[in-house]
Amino acid sequence: MSTLGRSLSHKQRALAVSSPRLFDKSVSSPRFSRKSEVSRLFRVLIAIGSVVSFFLAIGGGYLYVLPNLTKSFHEEKFVSFNGSDSFCDIFDGKWVVDNSYPLYNASECPFVEKGFNCLANGRINDDYLKWRWKPRNCELPRFNVYHMLEILRNKRIVFVGDSMSRTQWESLICLLMTGVQDKGSVYEVNGNKITKLIRFLGVRFSSFNFTVEFYRSVFLVQHTWSSKYGIKRVRSTLTLDKLDDISDEWINADVLIFNSGQWWVPGKLFGVGCYFQVNSTLRIGMSIQTAFRTALETWSSWIDTKINRNRTRVFFRTFEPSHWRYLLIAMPSIQMNAFGSLSRKFLQIGAAI
């Protein structure tokens, strides 16, 4: 019995020490190892699923929230009419014919340049006067001259740019004059006739105590005539990092409307010996497109540092076709393409100010 007991005792100790199958499943059992691998794979899949779900949630929120943020940041671009909750993008639309137009008779307005009074100069048809801007998803309220005169009371409106800006300035004055009974109360502050030869023109509506002004600055940046001792082909330069020397006169306006682009073409720059300058260095090889962008960046920086946005609304008009027919026909489309996108960008910036 003692021998048999010792034999059984040895067998039990052997089983306790050397039977991985029965007593150490966590270390050596192939079956348990497969379960462990499945468990780890399951945890990895859960982690991957969580990451994917996170990005799907972020993407969904982005798609939902971004349009509302865009509308909020650019709310000046959207107009609400009649107190409704619907908004209208006033820049998305087209020109439509309106037979109730024009809203004023150019021949009866003393501030229209003779050269731009087409009917008085012999044009037979007046269809070109009947175009009205219509946003795609709404109707703009019809121009109410009496309401507008009250809105502008005690205000200062300033146009800055080339002849395209000047003719818009003239049109606004003529529109407003249709609501003024005493025409003599509207006058140019210096008694000047309307001409492109004068850099400043200001018309005062004395009955309402406001002025509508125009400053001629075709490039917006500083234009300087070169010394006769300099490079022969360089007759003048545009200092792209400095705004026009009359820019201080534009400050403290209630509304500022800028335009530039019509003169940023080879014939009005290189063709007349006008080149570019940055940081007091002449840049003979700089392209017009690069120069135009640099000038607008200077303009934008000036707006940020000099203009009180709590008071002044700022607009930048896009590059427009010429008002001279033969130039419009001859103008290469590549020039429009080169400047169009940049001008649209600054229009959006200006509209959001």
What figure, in Å² to the nearest 10, do you get for the accessible area of residue 148 with a 1.4 Å probe and non-protein molecules left out? 60 Å²
Please find the FRET efficiency linking residue 228 to residue 254, where r is the Cβ-Cβ separation and R0 is fixed at 45 Å, and quote it to the nearest 0.05. 0.55
At 0.36 nm per residue, and after removing the present C-alpha to C-alpha distance, how many nm does the segment from residue 126 to residue 192 gain when stretched out fully? 20.8 nm
Using the Cβ atoms and a cut-off under 14 Å, what net charge is assigned to the surroundings of residue 180, where Lys and Arg are +1 and Asp and Glu are -1? 0
Calculate log10 I(q)/I(0) of region 194-281 for q = 0.11, 0.18 Å⁻¹, where I(q) comes from the Debye formula with a single equal point scatterer on each Cα and nothing for solvent. -0.41, -0.89
Exceeding 29 Å between C-alpha atoms, which entries from my cross-link table qualify? They are 114/228; 228/306; 196/228. 114/228; 228/306
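Is region 244-326 rounded, prolate or oblate when judged by the Cα gyration tensor, a ≥ b ≥ c being the square roots of its eigenvalues, rounded requiring a/c under 1.5 and prolate requiring a/b larger than b/c?
Cα axes put region 244-326 in the oblate bin.
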For residue 276, the residues 5 or more places away or on another chain with a placed amide H closer than 5 Å to its own amide H are 238, 283
Share of carbon and sulfur in the accessible heavy-atom surface of region 170-209 [1.4 Å probe, %]: 52 percent
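The values are calculated or read from the model by the stated rules, or taken from the named source; none is laboratory data. Values in this document were obtained by computation on a predicted structure and should not be read as measured data. Ideal geometry is used to build each Cβ from the backbone, glycine not excepted, and the neighbour counts take in all protein chains shown. In case anyone asks, the SASA skips ligands and DNA or RNA and just uses the protein heavy atoms, side chains included. Shrake-Rupley method; radii C 1.70, N 1.55, O 1.52, S 1.80 Å.
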